[in-house]
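Okay, structure first, notes after.
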Amino acid sequence: MNAITITPSGAALGARVTGVDLTRPLEPETVAAIRKAWLEHLVLAFPGQPMSHNDLERFTQYFGPFGDDPFIAPLSDRPHIIEVKREAHEKASVFAAAWHSDWSFQETPPAATILHSKVIPPVGGDTLFCNGYAAYEALSDETKARIEGLQAVHSAALAYAPDGVYGANDGADRSMTIRPDERARDTRLHPIVKTHPETGRKTLFVNPGYVKTIEGLSDEEAFLLLIELYQAAHDERFVYRHKWEPDMLLMWDNRCTQHMATGGYDGHARLLHRTTVAGP
């Protein structure tokens, strides 16, 4: 544990972790040090980790039970691992290329997402993250008072309903196995301002990928307020751009961050394996 080094990214979130081998079982003290760094920096990157499926599953379970990943087929022999995959020839839209917090439409969204890189293109493919704590703290007192107690309506319909982005009209050459379903139209309410269960800090918990409206407001009122909150959340002061390397493991806190994929690697393959940790 004494060999672990935490190097902050210099942005509003994110840090690089070295001096630990994730292909081996970890001591409880090491897991505790990683959790502490994760809660402080929100996004942790572990370079140089040539992990197997067993390694990825073992690491995930240090932080809690597996989360439930709907609408995307897992690996045939690993029900908790999904592939984030794009072949070099694909013309379909880049998967997850919109700001979102993973599965925020669930009653209890995952606490963490863990992503391990297998094939990384020579250009493009960065992942953007934003800091919900910093965004909330930057709001005016008036705005904080206005949103306190309001609840957003979350749904997967825009992405995973049969007529959604990944529905019947999605690109025929997509290599990921996405399973649209009418259940994606179900809705869940979550407070716009959430208190993180481990840090006790307040964070914005709304995202354009899965939020439909705000309970109790007219469509116009909800739209204008959400635009204001998204502008605050995605302000460049609060954004970290993560650049991938082969054999890198990344973990992030869904309870206080949003993220989005970027493209820019047409003609190149990209493959990562993903697990989630159940919330809160």
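Check 200, 267 and return the single one that is in contact (Cβ under 8 Å) with a residue 40 or more places away in the chain and not in a strand (DSSP E or B). Spell out how you get there, then give the answer.
Working: 200 fails: in contact (Cβ under 8 Å) with a residue 40 or more places away in the chain.
Residue meeting the stated conditions: 267.
Hey, any hits in region 55-67 for a residue that's surrounded by 21 or more Cβ atoms within 10 Å (Cβ to Cβ), under 14 Å from residue 248 (Cα atoms), in contact (Cβ under 8 Å) with a residue 24 or more places away in the chain and under 16 Å from the mean Cα position of the chain (by Cα)?
Within region 55-67 (the criterion being surrounded by 21 or more Cβ atoms within 10 Å (Cβ to Cβ), under 14 Å from residue 248 (Cα atoms), in contact (Cβ under 8 Å) with a residue 24 or more places away in the chain and under 16 Å from the mean Cα position of the chain (by Cα)), the answer is no, since none of the residues qualifies.
Only one of (1) surrounded by 19 or more Cβ atoms within 10 Å (Cβ to Cβ); (2) under 19 Å from the mean Cα position of the chain (by Cα) fails for residue 225. Which number is that?
Unmet condition: (2).
Can we say residue 229 is farther than 30 Å from residue 120 by Cβ, assigned to a helix (DSSP H, G or I) and in contact with a strand residue (DSSP E or B) (Cβ under 7 Å, 6 or more places away or on another chain)? Steps first, please.
Numbers: farther than 30 Å from residue 120 by Cβ: yes; assigned to a helix (DSSP H, G or I): yes; in contact with a strand residue (DSSP E or B) (Cβ under 7 Å, 6 or more places away or on another chain): yes.
Answer is yes for this residue.
Quick check on this structure: which one of 255, 201 is of a type outside the set (A, V, I, L, M), modelled with pLDDT of 95 or more and under 30 Å from residue 121 (Cα atoms)?
So the residue among 255, 201 that is of a type outside the set (A, V, I, L, M), modelled with pLDDT of 95 or more and under 30 Å from residue 121 (Cα atoms) is 255.
Residue by residue, here is whether (1) closer than 26 Å to residue 154 by Cβ; (2) of a type in the set (A, V, I, L, M, F, W, C); (3) modelled with pLDDT of 95 or more holds:
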site	(1), (2), (3)
46	no, yes, yes
52	no, no, yes
75	no, yes, yes
102	yes, no, yes
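Here's the yes/no breakdown for (1) in contact (Cβ under 8 Å) with a residue 40 or more places away in the chain; (2) within 30 Å of residue 200 (Cα to Cα); (3) of a type in the set (Val, Ile, Thr); (4) buried (at least 16 other Cβ atoms within 10 Å of the Cβ):
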site	(1), (2), (3), (4)
42	yes, yes, no, yes
69	yes, yes, no, yes
78	no, no, no, no
84	yes, no, yes, yes
96	yes, yes, no, yes
112	yes, yes, no, yes
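If I ask for residues that are surrounded by fewer than 21 Cβ atoms within 10 Å (Cβ to Cβ) and either touching a Ser or Thr at 6+ places or on another chain (Cβ under 7 Å) or among the aliphatic types (A, V, I, L, M) (or both), which ones from region 202-222 would you list? First the steps, then the outcome.
Let us first name the residues in region 202-222 that are surrounded by fewer than 21 Cβ atoms within 10 Å (Cβ to Cβ), namely 202, 208, 212-213, 215-222.
Result: 202, 212, 217, 219, 222.
Any residue that is at negative phi and in contact with a helix residue (DSSP H, G or I) (Cβ under 6 Å, 6 or more places away or on another chain) - is there at least one of those in region 141-151? Break it down stepwise before answering.
Let us first name the residues in region 141-151 that are at negative phi, namely 141-148, 150-151.
From the residues that got through so far, the ones that are in contact with a helix residue (DSSP H, G or I) (Cβ under 6 Å, 6 or more places away or on another chain) too are none.
No; the residues of region 141-151 include none that is at negative phi and in contact with a helix residue (DSSP H, G or I) (Cβ under 6 Å, 6 or more places away or on another chain).
For residues that are in a strand (DSSP E or B) and of a type in the set (A, V, I, L, M, F, W, C), scanning just region 203-222, find the one that is farthest from the chain's Cα centre (by Cα).
Within region 203-222, the match that is farthest from the chain's Cα centre (by Cα) is 214.
The values are calculated or read from the model by the stated rules, or taken from the named source; none is laboratory data. Quantities reported herein were computed from a predicted structural model and do not represent experimental measurements. Cβ coordinates were reconstructed from backbone atoms using ideal geometry, including for glycine residues, and neighbour counts include every protein chain displayed.
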